[in-house]
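Read-outs throughout are calculated quantities, based only on the coordinates presented, and are distinct from any laboratory measurement. This one's a predicted model, so the numbers in the text were calculated from it and none came from an experiment. All Cβ positions, even for glycine, are placed from backbone atoms using ideal geometry, and neighbour counts span all protein chains on display.
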Amino acid sequence: MTSRHHRMLLRAAVALGGVVPVTAGLTGLLFGLDMLPASEAPPMLRAVALDSHYRYLSGLLLGIGLGFWSTLSRIEEQGPRFRLLTVIVVLGGLGRLLGLAVQGTPPGAMLFGLGMELVVTPLLCLWQWSVARMERD
């Protein structure tokens with residue numbers, strides 16, 4: 001098999017594999033905790049599912065933070081990575097904003113996160129872009 005065939009198969013596998021996080025992400029964004037096992041499930045099952053999901057999302061947050069830290073060396077050259085991470089953070093912030101509209105105001109720490117997601121991170125991304133442009137000129 002040629003490298004072209006491998007590349008095509010890899011693309012197909014990644015596209016298929018991407019269905020799971022996109023579907024779960026959209027479902028969670030649109031339905032919040034209602035995506036967990038049905039309300040008639042025992043409360044302990046819902047608590048276990050919620051804990052599992054919370055820990056998973058915490059791992060993603062850790063990865064996002066480490067991803068931003070990975071741009072610190074030669075930050076002026078890290079535009080594509082910085083923008084991708086920013087889009088991920090903003091999407092999360094939009095989900096949090098939807099939750100605020102549907103469920104009401106969350107605790108202060110969550111509002112702090114919302115500010116980081118929808119204000120601070122995009123501003124940092126614009127600053128990174130500006131620094132990169134200055135370095136090129």
Would you confirm, using the coordinates I've provided, whether LEU62 is under 14 Å from the mean Cα position of the chain (by Cα) and within 30 Å of ASP137 (Cα to Cα)? no
For the range 92-128, which residues satisfy the criterion of being surrounded by fewer than 13 Cβ atoms within 10 Å (Cβ to Cβ), of a type in the set (S, T, N, Q) and part of a helix (DSSP H, G or I)? GLN103
Filtering the range 16-33 down to residues that are touching a residue at least 12 places away in the same chain (Cβ under 8 Å) and exposed (fewer than 10 other Cβ atoms within 10 Å of the Cβ) yields none
Considering VAL89, VAL131, which residue is of a type in the set (A, V, I, L, M), assigned to a helix (DSSP H, G or I) and more than 30 Å from PHE31 (Cα to Cα)? VAL131
